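The values are calculated or read from the model by the stated rules, or taken from the named source; none is laboratory data. Since this is a predicted model, take the numbers as computed values, not measurements. Glycine also receives a Cβ, built like all others from the backbone with ideal geometry; neighbour counts cover every protein chain displayed.
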């Protein structure tokens, strides 16, 4: 028999979802069986979708050996820190992701990714203790492609994950700004509104006009910052957060991002690959603005966080400008 007391990071979730995280190695069918026969909450039987509250006592009527098998996790392999810390408090950490680093692991890279690096940093400073946390793991609430650099926002506790995810879904709460260089001259601010569909097999999206019956809405604001010779440095504010949104939207209006092998122009990419060894899109998430924040994160309202332009980005911009 084992008793588990629900804490701040475990409350407000369904019983089955809590147990799936706690008994990590158990299939869902086994979780359901355990709930039917071997679990009580505060001394009473509960349904799989009953919500847990802080202070609830879960009693598992299974052997210590089975619990050990279902909760066993291999020792973590520490990974080298590659990110810069832009801001940190008790609830959040904002980091500057370098080029080429995945936010989450994939089939080719399971260990050395940004999320693991941030978790290792928090463990080392004593801000996260995986042995005492029953189900919570610090997590990113925004996403960047492997080859997009810049700001990634992580939640350090369950309250922050819930509130930040809700804020990200609301367009008015957190504004996300990017810098990039595009082909051609853009003279004025543009508001782009389209529908998009995704080809999962190719991992590419297609941009359609607003009247297209299918697809998801995609909205982007593009502001020219500086005219370069044949190119423009632009600031992009994404209203929605779709896959490859910036790259596909800019390409659809004839101003592809330089270096973009999926949506860019081959002759432009060849030039920048030859002159600067640029083999991927030049895109940098440089600013987050907290406009409206929910209870618990109100202190962030009005805060602006920014990441410096990477050296390669600056070099390319200076070179184009000086020709």
Checklist entry - Can you tell me which residue in the range 1-11 is farthest from the chain's Cα centre (by Cα), limited to those that are surrounded by 15 or more Cβ atoms within 10 Å (Cβ to Cβ) and outside any strand (DSSP E or B)? => result 6
Item to check | Which listed residue is closer than 30 Å to residue 217 by Cα, crowded, with 20+ Cβ neighbours inside 10 Å and either in contact (Cβ under 8 Å) with a residue 60 or more places away in the chain or not assigned by TED's automatic domain parsing to the domain that holds residue 23 (or both), from 155, 139 | outcome: 155
Checklist entry - residue 160: touching a helix residue (DSSP H, G or I) at 6+ places or on another chain (Cβ under 9 Å), touching a residue at least 60 places away in the same chain (Cβ under 8 Å) and closer than 21 Å to residue 104 by Cα, yes or no? => result no
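What number of residues in the range 279-291 are in contact with a helix residue (DSSP H, G or I) (Cβ under 8 Å, 6 or more places away or on another chain) and at pLDDT 95 or above?
Initial filter on the range 279-291 (in contact with a helix residue (DSSP H, G or I) (Cβ under 8 Å, 6 or more places away or on another chain)): 279, 281-284, 290.
Checking the rest, the ones that are also at pLDDT 95 or above come to 281-284, 290.
Going through the range 279-291 one residue at a time, the tally reaches 5.
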Item to check | Filtered residue count, the range 158-189, keeping only those that are crowded, with 17+ Cβ neighbours inside 10 Å and more than 17 Å from residue 86 (Cβ to Cβ) | outcome: 11
Checklist entry - Can you find even one residue in the range 23-44 that is at pLDDT below 95, surrounded by 19 or more Cβ atoms within 10 Å (Cβ to Cβ) and within 24 Å of residue 155 (Cβ to Cβ)? => result yes
Checklist entry - Can you tell me which residue in the range 12-47 is farthest from the chain's Cα centre (by Cα), limited to those that are over 16 Å from residue 135 (Cβ atoms) and part of a loop (DSSP other than H, G, I, E, B)? => result 43
Item to check | Checking residue 84 against (1) under 30 Å from residue 293 (Cβ atoms); (2) surrounded by fewer than 18 Cβ atoms within 10 Å (Cβ to Cβ); (3) in contact with a helix residue (DSSP H, G or I) (Cβ under 9 Å, 6 or more places away or on another chain), the condition it does not meet | outcome: (3)
Checklist outcome for this item: Of the residues in the range 217-238, those that are over 23 Å from the mean Cα position of the chain (by Cα) and within 21 Å of residue 272 (Cα to Cα) come to 224, 225, 226, 227, 228, 229, 230, 231, 232, 233
